[in-house]
Amino acid sequence: MITLIKGFHDILPDDSPRWEFIVRTAAETLRRFGFREMTPPIMERTELFERGIGELTDIVEKEMYTFEDRNGESLTLRPEATAGMLRAVAEHSLLRKEPVLKVFTIGPMFRRERPSKGRFRQFFQVDAEVVGDDSPFTDAEVIAAAHAIMTNIGATGLMMEINSVGCPECRARYRVVLQDFLRAYLTELCDDCRRRYERNPLRALDCKVARCEEIARDAPLILDHLDESCRSHFQAVQDALRMLGIPYRIEPRMVRGLDYYTRTAFEIVHEELGRSKAVGGGGRYDSLLKELGGPDVGGIGFAIGLERLSMGLSDDDPRFTRSIDVYVAALGDRAQPEAFRILDLLRKAGIAADTRYSTKSLKAHLKVADRFRATRVVMLGDNELERNEATIRDMNTKEQFTVRIENIVAFLQGAES
Ligand code: AMP
């Protein structure tokens, strides 16, 4: 048997209603906040991610699915959506028509991480971006949109963890302070952090290696090195979050795994999954669009992982069980073509209907109808057909009705309203 690639997963038919609910709720919530959908491709030129996410990040260094196309060009399956979204914004000059653009996309991302519960190599994200605006209200609104997606899906026990990673000037100053601090521990840091010490020391704050985490605990905080405008921006974001009643906590060591963030960074944490498996995260990027060849305007966005959202939804939820409106049971050889024809009429009338042609006995048909959770069953027996009639059973009340064949669709439509 040829099996799945490690870390990839199938969304099976029984999982689909739950999955579809998550996708629909995320899209509806974002539309309510003024976002419009956009769908960039899942593969881009490798340099887009190198330039966008940053060369000295775990994602770019270790996790990308990169390969050489037949013409020698290096291509990469997207590890995240923001870079591709902003590439499209720049390439199609979308800001010319709409100087503040609110867009979202939903689709698969690919990272070659070590698979574990809730950690896959292909996983889905809903990703939302506001480009062309730098108001702190926008930051709070974006955090509120992420929070609303989660609560509309039914998640509880959420905490928004926020931080400010400052602007490039604050960060340049902080970098020196952080390097001064880390210097004493250079031999104790993991290989990655030691290697990134010169060009990207902030990565050490994000490192999951136990000793690095310990060292980071005593490190100076970027919040103590923000300039006045970054500090007041961060304060305004917090004030706005309080106005909306969004639960948040300042997490001063959070820098997130991507290099493009400036000022506000945030993660959505669920009590049960904990910090290492955040459900979502995002932040402001004030120079990413320019870096990718677009105009010099900032933006802010977030991504929420759909698998982790789905983990919070119960398997027993009646909203996600299979169901069909009508099951048609043909009881006899003459009834079969009639069932075939009636099914077609029902579907054309917008009624979800199904049958099993190979099933013959009433008992077996009703068992299938139960499994399909049909609300009504049309029973066609040869004798009834002689009289041009069928029996319709309401599966909830167990009531039965005799209906003329030509009235079946109207009866079932009427019974629906
Ligand atoms: P990131 O783009 O790393 O900030 O991730 C945003 C969200 O995507 C996370 O909070 C997760 O919900 C989800 N996510 C990231 N990586 C994975 C993964 N390997 N498997 C499943 N979900 C993931």
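The values are calculated or read from the model by the stated rules, or taken from the named source; none is laboratory data. All values derive from a computational prediction rather than experimental measurement. For neighbour counting, all protein chains shown are included, and Cβ atoms are generated from backbone atoms with ideal geometry for every residue, glycine included. Ligands, DNA and RNA are stripped out before the accessible areas are found, and what is left, the full protein with its side chains, is counted by its heavy atoms. Shrake-Rupley method; radii C 1.70, N 1.55, O 1.52, S 1.80 Å.
Considering only the range 286-300, state which residues are touching a strand residue (DSSP E or B) at 6+ places or on another chain (Cβ under 6 Å) and buried (at least 21 other Cβ atoms within 10 Å of the Cβ). Within the range 286-300, G299, I300 meet the criteria.
Among residues of the range 307-332 being of a type in the set (G, A, S) and touching a residue at least 40 places away in the same chain (Cβ under 8 Å), the one that is farthest from the ligand (Cβ to nearest atom) is G332. Listed by position, the strands (runs of 3 or more DSSP E) enclosed by the range 301-417 that each have at least 3 residues that are open to solvent by less than 90 Å² (accessible area, probe 1.4 Å) and under 30 Å from I11 (Cβ atoms) are 324-331, 374-381. Among the residues of the range 9-68, those that are assigned to a loop (DSSP other than H, G, I, E, B), open to solvent by less than 60 Å² (accessible area, probe 1.4 Å) and not hydrophobic (A, V, I, L, M, F, W, C) comprise H9, D15, G34, P40, G54, T57. Residues in the range 242-287 that are aromatic (F, W, Y), touching a helix residue (DSSP H, G or I) at 6+ places or on another chain (Cβ under 6 Å) and at pLDDT 85 or above: 2 in all.
Filtered by the rule that a residue be assigned to a helix (DSSP H, G or I) and without any contact (Cβ under 8 Å) to a residue 24 or more places away in the chain, the range 164-194 gives A172, V176, Q179, D180, R183, D191, C193, R194.
Of the set (1) in contact (Cβ under 8 Å) with a residue 24 or more places away in the chain; (2) farther than 29 Å from E37 by Cα, all apply to R347 but (1).
Provide a single number: the residues in the range 1-57 that are within 16 Å of the ligand (Cβ to nearest atom) and at positive phi. Final tally of qualifying residues: 2.
Taking the conditions exactly as written (in contact (Cβ under 8 Å) with a residue 12 or more places away in the chain, in contact with a Gly (Cβ under 6 Å, 6 or more places away or on another chain) and away from the ligand (no atom under 12 Å from the Cβ)), does E267 satisfy them or not? So E267 fails the test. Of the listed requirements (1) open to solvent by 60 Å² or more (accessible area, probe 1.4 Å); (2) closer than 15 Å to A265 by Cα; (3) among the β-branched types (V, I, T), V165 misses just one: (1).
Cβ-Cβ contacts under 6 Å between residues 6 or more apart (or on different chains), taken from a first residue in the range 120-142 that is closer than 30 Å to I11 by Cβ and more than 16 Å from the ligand (Cβ to nearest atom) to a second residue that is part of a strand (DSSP E or B) and open to solvent by 20 Å² or more (accessible area, probe 1.4 Å), are listed as V130/K102.
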